[in-house]
1. Within segment D:72-103, take every residue that is at the interface with chain A (Cβ under 7 Å from one of its Cβ atoms) and within 17 Å of the chain's Cα centre (by Cα) and give me the one that is surrounded by the most Cβ atoms within 10 Å (Cβ to Cβ).
2. Whether any residue in segment D:49-60 is open to solvent by less than 10 Å² (accessible area, probe 1.4 Å), in a loop (DSSP other than H, G, I, E, B) and away from every other protein chain (no Cβ under 11 Å) is what I want to check.
3. Kindly indicate whether residue D:243 is small (Gly, Ala, Ser), assigned by TED's automatic domain parsing to the domain that holds residue D:17, open to solvent by less than 40 Å² (accessible area, probe 1.4 Å) and at pLDDT below 95.
4. From the set of residues in segment C:254-266 that are open to solvent by less than 40 Å² (accessible area, probe 1.4 Å) and of a type in the set (A, V, I, L, M, F, W, C), which is farthest from the other protein chains (Cβ to nearest Cβ)?
5. I'd like the full set of residues that are touching a Gly at 6+ places or on another chain (Cβ under 9 Å), assigned to a loop (DSSP other than H, G, I, E, B) and of a type in the set (A, V, I, L, M), limited to segment B:229-262.
6. Does segment A:146-156 include one or more residues that are in contact (Cβ under 8 Å) with a residue 24 or more places away in the chain, over 18 Å from residue A:111 (Cβ atoms) and among the hydroxyl-bearing types (Ser, Thr, Tyr)?
7. I'm trying to understand the selection: among the residues of segment D:1-48, which are in a loop (DSSP other than H, G, I, E, B), over 16 Å from the mean Cα position of the chain (by Cα) and more than 14 Å from chain B (Cβ to nearest Cβ)?
Amino acid sequence: MHIAEGFLPPLHAAAWTAVAAPFVVHGARRVVIQVREHPESRLLLGAAGAFTFVLSAIKLPSITGSSSHPTGTGLGAVLFRPPIMTFLCTIVLIFQALLLAHGGLTTLGANVFSMGIVGPWVAFAAWSLLRSRPAVAIFSAMFLANISTYVVTSLQLALAHPDVETGFAGAAAKFLTVFALTQIPLALAEGVLGVLVWRLLTGV
Amino acid sequence: MSHLSLRARGLHVGYGDHPVLAGADLDVAGGRRVALLGANGSGKTTLLRALSGSLRPTTGQVLLDEKPLTYDRKGLRAHRQAVQLVLQDPDDQLFSADVARDVSFGPTNLGLDAQEVAARVAQTLVLLGLTDLANRPVHRLSFGQRKRVAIAGALAMRPCLLLLDEPTAGLDPVGVDDMLDALRRLEEHDTTVVIATHDVDLALAWADVAAVVVDGAVHQGEPGEVLSDADLLVRARLRRPWVLELAQRLGLPADPDLPPLRDLDGIAHRLQGRSAGEPARP
Amino acid sequence: MSHLSLRARGLHVGYGDHPVLAGADLDVAGGRRVALLGANGSGKTTLLRALSGSLRPTTGQVLLDEKPLTYDRKGLRAHRQAVQLVLQDPDDQLFSADVARDVSFGPTNLGLDAQEVAARVAQTLVLLGLTDLANRPVHRLSFGQRKRVAIAGALAMRPCLLLLDEPTAGLDPVGVDDMLDALRRLEEHDTTVVIATHDVDLALAWADVAAVVVDGAVHQGEPGEVLSDADLLVRARLRRPWVLELAQRLGLPADPDLPPLRDLDGIAHRLQGRSAGEPARP
Amino acid sequence: MTASGLALDNAAWDSPWRERAVRDKAVLALGLVVAALVLPAWPGTVFVALAAAALLLGPARVAPQLLLRCLAAPAVFIAIGGLSVAVTLAWDGGPRLGFAPDSLARAGSLVGHGLAGTLAVLVLAATTPMIDLLSALRRARVPDACVEVAALMYRMLFTLLESVRAIRMAQEQRLGYATRRAGMRSASTALTSVLLRAWQRAARLEEGLVGRGYVDALRTLDPPRHASARFVAASLLLLAAVAALTLLVAGTTGLRLPGWGA
């Protein structure tokens, strides 16, 4: 779920764009440097980005019985590091906005912040801390990348649309319930998926 | 396993303005070899997908043993135990690290216990001549071997009908013969085999029934007749099999007393018979 | 463009213990159609890659117009302007979003200016009958169309030699004919064409020279002779083309005064001639 | 890829506006996006939505079914988000949900901004293939490496999507999603297969492109696009009309709904 076009007031949209911009520029610089040093990484990065986009087309059976799609930024952050992931996520979000009508252009900054910056960095931090136990580390990275993305989205919406009676706190409670609480089983499923994929990749 | 019939009745499958199938009918009688022919993009694969239940037609029905397929979980589960589809590219179908594990995927999902799964895997590998490869990693197999492993994966479900999309495409001549041998063994175990192909020579030599997919519909009949229909072949972007073409050029008359011309042996036999009256040559 | 010759001399290419090529020689004379035959995994593709310069042999030489290929940047660049390889899977070569953009890639890399690039793209598309598809997205083309676009991408470099890996694999009969027509037009523009295939019938009908890759070496010769060599064919996992097989079964003698048997027309002609003495049949 | 895949992408490639310069279309679409955001919800977003829908269904010749299908995904988010704003939460002795006239009005305007904005984005999305946008970014001095990675992503995502679909179908065939446990296992093997395949694709494409003279850039010739001063002028006129009409109607009815971000 990305914040739809028009859902953030102009000031908020501009502010989140400003917050996300340095991270995206940094990521883009990393990409330029990497491509300059290793020209063949152009194709690998393209494949990685396409994979990130396609991940959202893989249906995941969730614990509640409904199905959902993984965000996949956790796995990407571990495989490619967060700055590269921020860049790839930005492109993926632009593609989703223009190819699938998911998300939007004025809300791109906010969506990049939650999915392309917070998610990957949280995942990378979890992975780095728990590295000695890879299964736990990859589970935490995928779970936390997913759930932190939705928590941040909820808080972004709460900031933009405070509750008429209880202000930001009330709005946060509402949005967290709707977007983050319901996401927990799906995030758990993504964590389990991460562990299974890790086992397949490392041949355990 | 027993023979079941599979039918398609008035299938429509459409993406937008250009329907891929527009009222396609097909009868697959149990135990009869059916070759589904058509150009690239004619809808052969779409028809196979609809027959297997993995694609739901907009209108029309798929009937297994005269009972219409229902698209709920239970209906699809039952259908898939009877009808299995093998895709053209084996890499779309092989996901496990080694051959035995890949073949065990279906039986495991059927909820069989470990012993039964192992037994089925072993039997299936024997049937397809793959026993020696059981523990080989899938990515180290040749293309022809991967194709046969993909068939093994479907076969381990013990289907009554096996639908194969281009089983011989990309195989070298010996690989094609190996594949046809494998299909012959399946038939000995009462599996009805339907293949989609654009190899008209193969279809003539192998099939009991030829079904040409053209303009969204299916024309089904005796291979020798269907594949002589010049008008149909043009519309379907196919060619007449060389055996029939040569027979026509030489004016070999269709003779109801003789078996229909299907392959090199047949035409050589007819031509030898015909030239028996000629003076001997050095 | 002028005709250049391309040769391989004693190529060894090995991955680990199993050398793919072990002393392979090949002569491609300018203007002669060469069909490279072999089973899956025999090393056809490896040989093509070595000829194109994209794979460096452990030992041995590739010679273009008698000058050995050097593997520095400059040498490779010059070689690729003369020799272009088209891979079997078009998706390994097509990277751009639409047809015209993709075909413009090679000429742009040659450093031509925009006008010249546009002119070359337009000419190439005309030559391959792809003009109508110029602005179509690559991902919405059929397999056969993608194959032709991949050839267009190579052809826009204006090579003297075009190496094609399985150009007809996966195409339906009309698609195969379209492909052969396209190759014929290239030859009219003085491009020498080498194809790798395991279709022995196609090789016999099309090629001036057949080269069979077996056990890491190449046996090259007149197609009718090479493809009659029973021992060679068994080792190479190939079959005798049906035309030759039928001629042998019927005891049609090789007649040096007649053109060699290559295809259906040829054998029909011979058989009609032969049966002229027979009594007329209804 | 069939139309069931990325319908919006297909519409863009088939669009009668495809030959138009990206800049011209961007002026129109982004102008509408901004208008959807800054004009008062009533009646501004209604006018923007009507203008965008009229452009899409009229000169841009987008099929109505396609438009509805494209709106379905964001509509879910807009509905849930709107509902969350409409409901108020109070704390007196435990959480208590309710409605307030003010919250309903805010939710209404939010839904208006969301729908109008989404339609405005579609004016660009349904008329301009992604590759044209990327070429425009290159001309706007976005580094080549970034544009090329994005362009490769665009090409490769279709081949990978095809793989995902085929693998999924093959797994369903063998009852790979019959139980949740089997489903998890199938999803993980599918994901791993696609990841490995993405890698192989990249390696093979690299080799294929080296053979075509690839050294250190993926430059191609951009086809000429048709810039039209009349189109830009008409776009600006339309935007001005939407803005003027909004202010006029808002002024005459005297209706003053709470603005944005209050």
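1. Restricting to residues being at the interface with chain A (Cβ under 7 Å from one of its Cβ atoms) and within 17 Å of the chain's Cα centre (by Cα), the top hit is D:74.
2. Taking every residue of segment D:49-60 in turn, at least one turns out to be open to solvent by less than 10 Å² (accessible area, probe 1.4 Å), in a loop (DSSP other than H, G, I, E, B) and away from every other protein chain (no Cβ under 11 Å).
3. Here the answer is yes, as residue D:243 does meet what is asked.
4. Among those that are open to solvent by less than 40 Å² (accessible area, probe 1.4 Å) and of a type in the set (A, V, I, L, M, F, W, C), it is C:261.
5. Answer for segment B:229-262, where residues must be touching a Gly at 6+ places or on another chain (Cβ under 9 Å), assigned to a loop (DSSP other than H, G, I, E, B) and of a type in the set (A, V, I, L, M): B:236, B:238, B:254, B:258, B:261.
6. Looking only at segment A:146-156, we keep the residues that are in contact (Cβ under 8 Å) with a residue 24 or more places away in the chain, and these are A:146-154, A:156.
Checking the rest, the ones that are also over 18 Å from residue A:111 (Cβ atoms) come to none.
Taking every residue of segment A:146-156 in turn, none turns out to be in contact (Cβ under 8 Å) with a residue 24 or more places away in the chain, over 18 Å from residue A:111 (Cβ atoms) and among the hydroxyl-bearing types (Ser, Thr, Tyr).
7. Filtering segment D:1-48 down to residues in a loop (DSSP other than H, G, I, E, B) leaves D:1-6, D:15-19, D:21, D:39-40.
If we keep only those that are over 16 Å from the mean Cα position of the chain (by Cα) too, we end up with D:1-4, D:16-19, D:21, D:39-40.
D:16, D:17, D:18, D:19, D:21, D:39, D:40, listed by residue number.
Every residue, every condition in (1) crowded, with 19+ Cβ neighbours inside 10 Å; (2) in a helix (DSSP H, G or I); (3) modelled with pLDDT under 95, yes or no:
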{"position": "A:129", "(1), (2), (3)": "no, yes, no"}
{"position": "A:137", "(1), (2), (3)": "yes, yes, no"}
{"position": "A:157", "(1), (2), (3)": "yes, yes, no"}
{"position": "A:185", "(1), (2), (3)": "no, yes, yes"}
{"position": "A:194", "(1), (2), (3)": "yes, yes, yes"}
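The values are calculated or read from the model by the stated rules, or taken from the named source; none is laboratory data. What you see is a predicted model, and the numbers here were worked out from it, not measured in a lab. Here the Cβ is made from the backbone with ideal geometry for all residues, glycine too, and neighbour counts use every protein chain on show. Calculation scope for accessible area: heavy atoms of the full protein, side chains included, ligands and nucleic acids excluded. Shrake-Rupley method; radii C 1.70, N 1.55, O 1.52, S 1.80 Å.
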